[in-house]
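Novice: I am attaching a structure below and will ask some questions about it afterwards.
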Amino acid sequence: MERIQHALKNGGSVKALKRKLGIGKSRMYALRDKEGKITTNMDRIVKIAEEFYRDLYSSPDNHDLNTIRTSSNPDDTPPVMIEEVRKALESMQRGKAAGEDQVTSDLLKDGGQIVLEKLATLFTRCLLAGRVPESWKNANIILIHKKGDDKDLKNYRPISLLSVVYKLFTKVIANRVKKTLEFNQPKEQAGFRTGYSTIDHIHTINQVIEKCSEYNQPLYIAFIDYEKAFDSVEISAVAQALRN
C-alpha cells in the first residue's frame, strides 16, 4: 500500500509499479520439447527455451563480420555531442524496465549535465574504437505469450531487456544515419517510417480491387507472412545492404 500511495503521490508510472509488485506476471509451468513431450521441470523448461532460441538465431551462413570495412581515420568519425545524447535521452520513456545493470532511463534523465557529459565521452570512445563494452551485449529475456497453445514456444514473443545505456547509444547512432537511410528508402516501404502508414497500402489495395471489379478484370494478390521474420534475418544480408 505504501508503494501505491508513493506512486500516486509522485506521479509514478503505473506500469513500473505493477512490475515492482509483480502484478500481471505469469509463470511458465509447462513446456513442450522437440519430441512433443511436455515437462514441468523448471530446469528442463529453461533448457528447452535455450535450445529453441539457439536454433532460431543460428545462421547456416558462415559470415565473417570482421570483413566489414571500417574507417581507420578518427577524423571521419565526429565526436558525440552532448546535445545528441540529450535529444536521444529525451525520446526515451520513463518507467521502462532496466537491463542487467539495473540502470534505468529515469536514472539517466535525473543525472543532469554531468551524466550527459560522461555519456557523450563514453559514446565517442566506443565509436572511435569500433567496440562496445561486453556487458552491453547481455540481455535479460522474458517470454510474452501471444496466443494459442501456451506450451508451444512458437507462441511466445521474446523481449530482450538490454542495457538502457546501450539503447541510448544506438539511438544516437540511429539519429545520425536517419536522414541517409530515409533518402534511400523506396516509396513502397511504409512500415517504421515517419509520415508513412500501412493504411496507405490498404487503401491502395482497396482501390485496385474496386477498379478490377468495376471493369471485370482478373486480379491476383499474394500476401506473404514470414514466420519469425525479424528473428530470422541474416546478419550478413544486413551487412551487405549497409555496404550498398
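Since every read-out is calculated from the coordinates, none of them should be taken as a lab result. This one's a predicted model, so the numbers in the text were calculated from it and none came from an experiment. Virtual Cβ from ideal backbone geometry, glycine too; neighbours counted across all protein chains shown.
Novice: Please arrange Ser163, Ser236, Ser213 by counting, for each residue, the other beta carbons lying within 10 Å of its beta carbon, fewest first.
Specialist: The order, fewest Cβ neighbours first, is Ser213, Ser236, Ser163.
Novice: For His145, what residues show an amide H to amide H distance below 5 Å, using hydrogens built from the backbone and excluding near sequence neighbours?
Specialist: Arg157
Novice: Among Val177, Val164, what is the fewest-to-most ranking by other Cβ atoms within 10 Å?
Specialist: Val177, Val164
Novice: With θ set to phi - 60° and the Karplus curve 6.51 cos²θ - 1.76 cosθ + 1.60, what are the ³J(HN,Hα) couplings of segment 154-170 in order, to the nearest whole Hz, using x for Gly and Pro?
Specialist: 5, 9, 10, 9, x, 10, 8, 8, 8, 4, 5, 5, 5, 5, 5, 4, 5
Novice: Give or take rounding to whole Å, what are the principal axis extents of the alpha carbon atoms in segment 109-212, in descending order?
Specialist: 61, 44, 28
Novice: In square nanometres, what is the average projected area of the Cα convex hull of segment 187-244?
Specialist: 6.0
Novice: While we're here: What residues qualify as long-range amide H neighbours of Val80, i.e. H under 5 Å apart, gap of 5 or more or another chain, H built at 1.01 Å from N?
Specialist: Sorted by chain and number, the residues that satisfy this are Thr124.
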